[in-house]
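Please read the structure below before turning to the comments.
Values in this text are rule-based calculations from the coordinates and carry no lab data. What you are looking at is a predicted structure, and each value in this text was computed from that prediction instead of being measured. Don't worry about glycine lacking a Cβ; one is built from the backbone with ideal geometry, like all the others, and counts go over all protein chains shown.
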Amino acid sequence: MAKRLFANPLFKFLVTVAAPLIALFCIYFKVAEYYQIVVILFMINVILTASLNITNGFIGIFSMGQAGFMAIGAYAGSLLTMSADLKISRIPGIPEWLANVQLPFIPALIIAGMVAAAAAVIFGFPVLRAKGHYLAVMTLGMIIIIKAILDNNSNLTNGAKGISGMERFSTLPVVFAVMIVSLFFLYRMTKSAFGRSMAAIRSDADAASSLGINATKYRMIAFVVSAFFGAVGGALWAHLQQTIAPSLFYFSRTFSIIEMSVLGGMSTLSGAFPGAAIVTFVPQILANFENGFKIFGFDVPALNGLSAIVMSIVFILVIIKWRGGVTRGSEYIVNAMFGKDTWTGILRKQTYIDFWNILCGGFKNSIHYHPHTIEEKEQEKKNEQEKNEQ
Amino acid sequence: MDFFTGSLLSGLQLGSIYALIAIGYSIVYGILRLINFAHGDLLMVATYAAWILIARSQSLAFAVVGSVAITIVFGLVIERVAYRPLRDAGEETTLVTSLAVSIFLQNLFLMVFTPKNQAFLLPDFFSQKILNVSITNMSVVIFVVTGILIAVVSLIIKKTKLGMAMRACAENSGAAKLMGINLNGVVIFAFVVGSALAAVAGVLYSGQYVSFNPSMGFMIGIKAFAAAVIGGIGSFAGAAAGGLLLGVLEILFACYLPQGAGVYQTAFVFLVLIIVLLVKPNGLFGVAEERRS
């Protein structure tokens, strides 16, 4: 029953489109701003994770540099949306031409992505020539270099102190729309001939090259696309937190993105949802315990770093148990969201009939199979024993 | 002694510490193809252990031995719990696992000891200056200890049966297993040697640079790893040479880069890494593998 239910277009529609939409509506109109921010953060994390999965999972470039692209996006986006007066007051020594540029949010997002894409081309030439571990470490070097540049060009970035005062453009509807558009783009990309080439390169680059796939070029394209969406995520993040500094886009940021990606499943786009959900929401819950709390009359002292400890343990356990993350390589969520059969299926009458039958079948089965409770079973045993004794 | 010799010596001093850590990286990598990012944090564990033991026992020798022992236990537990179940997983998987272990260790110590900087104070003897420059008795200790340890470990690897087994596993762990070598035993030995070296490096580093905190190990670990890669990871001599080279480069960059570019010291270190990998993908002293994917 479960299999047929999961394959039903109406079910897919309800679970991956209708229910989240209704939930978001309720959150947007009914929930306090603090919790809305957590949900927005979750959606930004989905974009970041999905963008990282393109390189790490789909084409097999294990990049650890996503925080660097995020930083570029955050800085470029902020510099483009801030007003001239604000920029001059916040960043002493900013060049005049840059101070006078001010763009609406969405064009700023796109340009921020393009700046990061350009950076990805520059870094890509040396980095993508390496493989495996070596590549991973070179991308780590990349975020160190990016941070050093941001720290020390204070006439553009205000140095280590960072910039603040961006307007909060990253509202729930905006971020949701950007997330859907980004995911749809990436989904179409992975389903295209390009996506199949990526899979070929991941499993065997030499064999793929022998079939006429230009592995170097495809690696570069994937790296650039990943950087673009990483930077879009970064710009959204900057306009949510309204304050950025180079140290916010360093190792711990890059690891949390990798954590989301691996937890959900690197080689899927769907993994971005559970991965981002775990990494966004669990620390929020644990944060309550970090300041110390009372339990059964005992005072538990402040536990700094508790959420990081719990998250790393969860992470190691999930890796040991399921190498492919919690989705275990299944693309169900994204396929159900964007797949053709969901959207054509809900227009067919047969879908509704099937859905109804599956549900009724389920109920019928549950009536036929009546699970006994333990007490009932024991009572029955006693009755039988008494009969036997008689 | 002029400025150049002075900075060269302090570079070599930092480089010796990098070399000790890089050798640990290299030994473990050679056998398991595992980049153990938590290796740098073992250095932090050793520092805290030594710090507590010195305060409790007032005996430096006991503190050093005790901190080495504690660090070895940490190293072995990490291997058993986190890395052994993933022995057959891809190298990226183990890489991220080691990152998680590193975050775990850092935050564990942060929870217990708070994030604030502590001072690691040794008896005054160590900070006495020699020849009126910034070279102290501690520097001599660092050079001597590093030299002895490198000699001992290289003898173990070259001359003993266990060392031969290690080299066999590094060459081809599958074939070594078939020849009756106990892979787990070799891995455990590699972790014991690596952790012990990291522990000594930790005590030396903190003795020299005094201030330490729970996240100190990470950056040193990454730099030592860069050193191992520059030298050719998997190669023992390469790791030692890479460590010394990186230490010297780092100090020279800080001293001799033109005004304003000195702040890019760390970035330059990684630029060197990227350039070395581009020119010699297996590092300066590394051996080419058939296919290192």
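Just a few scattered comments:
- With a threshold of 25 Å on the Cα-Cα distance, the over-threshold entries among A:LYS147/B:LYS116; A:LYS321/A:LYS377; A:LYS217/B:LYS280; A:LYS191/B:LYS280; B:LYS158/B:LYS223 are A:LYS321/A:LYS377; A:LYS191/B:LYS280; B:LYS158/B:LYS223.
- Debye, to nearest 20: dipole size of the protein assembly as shown, +1 on Lys, Arg Cβ, -1 on Asp, Glu Cβ: 1120
- Taking amide H positions as modeled 1.01 Å from N, with prolines and chain starts lacking one, the residues under 5 Å from B:THR136 and 5 or more places away or on another chain are B:ILE130.
- Calculated from backbone phi, Karplus (6.51, -1.76, 1.60) coupling profile of the stretch A:215-225 in Hz, x at Gly/Pro: 4, 4, 5, 5, 4, 4, 4, 4, 4, 5, 4
- Chain B, Rg to Rh (Cα coordinates; Rh as Kirkwood inverse mean 1/r): 0.96
- Counting only lysines at least 8 places from A:LYS349 when in the same chain, those with an alpha carbon closer than 18 Å to its own are A:LYS12, A:LYS340.
- Proxy reagent accessibility, fewest Cβ within 10 Å first, across A:ASP204, A:ASP85, A:ASP151: A:ASP85, A:ASP204, A:ASP151
- Residues B:PHE62, A:PHE123 arranged by fewest to most Cβ contacts within 10 Å: B:PHE62, A:PHE123
- For the stretch A:99-115, Karplus couplings with θ = phi - 60° (6.51, -1.76, 1.60), whole Hz, Gly/Pro x: 4, 7, 8, 9, 10, x, 5, 5, x, 4, 4, 5, 5, 4, x, 5, 4
- Inter-chain neighbour count for A:118-124: the average number of beta-carbon atoms from partner chains within 10 Å of each residue's beta-carbon is 0.
- For the stretch A:32-330, the alpha-carbon radius of gyration amounts to 1.02 times the rule-of-thumb value 2.2 N^0.38 Å expected for a compact globular protein.
- Selected from B:ARG84, B:ARG33, B:ARG56 as most flexible by GNM, with chain B as the system and alpha-carbon contacts under 10 Å: B:ARG56
- For the stretch A:32-330, the dipole from Cβ point charges (+1 on Lys and Arg, -1 on Asp and Glu) about the Cα centre works out to 720 debye, to the nearest 20.
- Highest-fluctuation residue, A:GLU167, A:GLU380, A:GLU96 considered, GNM on chain A with Cα pairs under 10 Å: A:GLU380
- Here the Gaussian network model covers chain B, with springs between Cα atoms less than 10 Å apart; of B:PHE225, B:PHE109, B:PHE37, B:PHE109 fluctuates the most.
- Averaged over peptide A:250-260, the number of partner chain Cβ atoms lying within 10 Å of each residue's Cβ comes to 3.
- Computed over chain A, the per-residue total of -39500 (n - 2.57) for DSSP H runs of n ≥ 4 gives a 222 nm mean residue ellipticity of -23000 deg cm²/dmol, rounded to 500.
- C-alpha center-to-center spacing [the stretch B:64-108, the stretch A:211-245] in angstrom: 31
- Span-like helix criteria (full DSSP H runs; alpha carbon extent of at least 24 Å along the helix axis; mean Kyte-Doolittle hydropathy of at least -0.5) are satisfied in chain B by B:3-32, B:39-57, B:60-78, B:91-113, B:137-159, B:183-209, B:236-256.
- Residue by residue along B:273-279, Cβ atoms of other protein chains within 10 Å of the local Cβ number 5 on average.
- With neighbours defined as other Cβ atoms within 10 Å of a residue's Cβ, the residues B:MET138, B:MET44 order from fewest to most as B:MET138, B:MET44.
- Euclidean distance of C-alpha centroids, the stretch A:109-181 and the stretch B:187-237, integer Å: 30
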